[in-house]
Amino acid sequence: MIEITSSDAMQQFGEKLGHEVHGGDVIELIGDVGAGKTTLVKGIAKGMGVSDDVQSPSFTINRVYDAADGRVLSHYDFYRLSDPGIMATELHETMYRTDTITVIEWADAVERVLPEDRTTITISSPTETTRDVTIVASGPRSQRLVRQLG
Ligand SMILES: Nc1ncnc2c1ncn2[C@@H]1O[C@H](COP(=O)(O)OP(=O)(O)OP(=O)(O)O)[C@@H](O)[C@H]1O
Ligand SMILES: [Mg+2]
């Protein structure tokens, strides 16, 4: 577990992740409203070389960003969506693209389509500015990513 004490530090942690991710990687983000999931994704995007500003996809469910090197960041947010419908199928297809890194907030409704091998990052907020971050890797691909984080 790592302790992150500011929004900037959360973005910096995301940047580190963004440097290490490979196409095909899937990252699930777990944490309450305001935990810092989207803040982390902003950092991942920066680390991947995405120049666009990352916006929360809460209403659109999915936003896609092109990185400078041909990698693609696909950011999903299934908040309060009990029936993901066609979006579950779309997510399933996205996750198996070899150029795409998929990051998902509020994945409860699509849990069944997530690959077993994924990186699960859980963020809790003991105080207004402190975040406890726990990372779990559940297969060789995600274990490699976590190892590279050092
Ligand atoms: N250490 C920290 N790490 C991340 N965010 C922090 C931290 N301290 C304060 N914050 C603040 O907490 C908020 C996190 O918001 P963010 O949109 O990233 O959360 P979220 O987990 O995506 O929420 P939602 O479930 O609504 O999508 C921001 O306002 C951010 O500035
Ligand atoms: Mg969010």
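Derivation of every value follows stated rules applied to the coordinates shown; laboratory data play no part. As the structure is a computational prediction, the values presented were derived from the model and not from experiment. When we count neighbours, we look across all protein chains shown, and the Cβ atoms used for this are built from the backbone with ideal geometry, even at glycine.
Do the conditions hold for residue 72, that is, is it in contact (Cβ under 8 Å) with a residue 12 or more places away in the chain, touching a Lys or Arg at 6+ places or on another chain (Cβ under 8 Å) and among the β-branched types (Val, Ile, Thr)? In short, yes. Taking the criterion of being more than 15 Å from residue 45 (Cα to Cα) and hydroxyl-bearing (Ser, Thr, Tyr), the residues of the stretch 68-121 that qualify are 79, 82, 89, 94, 96, 98, 119, 120.
Restricting attention to the stretch 20-54 and to residues that are near ligand 1 (Cβ under 10 Å from one of its atoms) and of a type in the set (S, T, N, Q), the residue that is surrounded by the most Cβ atoms within 10 Å (Cβ to Cβ) turns out to be 39. Counting only strands (runs of 3 or more DSSP E) that sit wholly inside the stretch 7-118, those with at least 2 residues that are β-branched (Val, Ile, Thr), touching a Gly at 6+ places or on another chain (Cβ under 9 Å) and more than 16 Å from ligand 2 (Cβ to nearest atom) are 100-105.
Pairs meeting the criteria (first residue in the stretch 90-107 and touching a residue at least 40 places away in the same chain (Cβ under 8 Å), second residue within 12 Å of ligand 2 (Cβ to nearest atom) and not aromatic (Phe, Trp, Tyr), beta carbons under 6 Å, at least 6 apart or on different chains) are 103/41; 103/75; 105/29; 105/37; 105/77.
In the set (1) more than 16 Å from ligand 1 (Cβ to nearest atom); (2) crowded, with 17+ Cβ neighbours inside 10 Å; (3) not charged (D, E, K, R), residue 92 fails one condition alone, (2).
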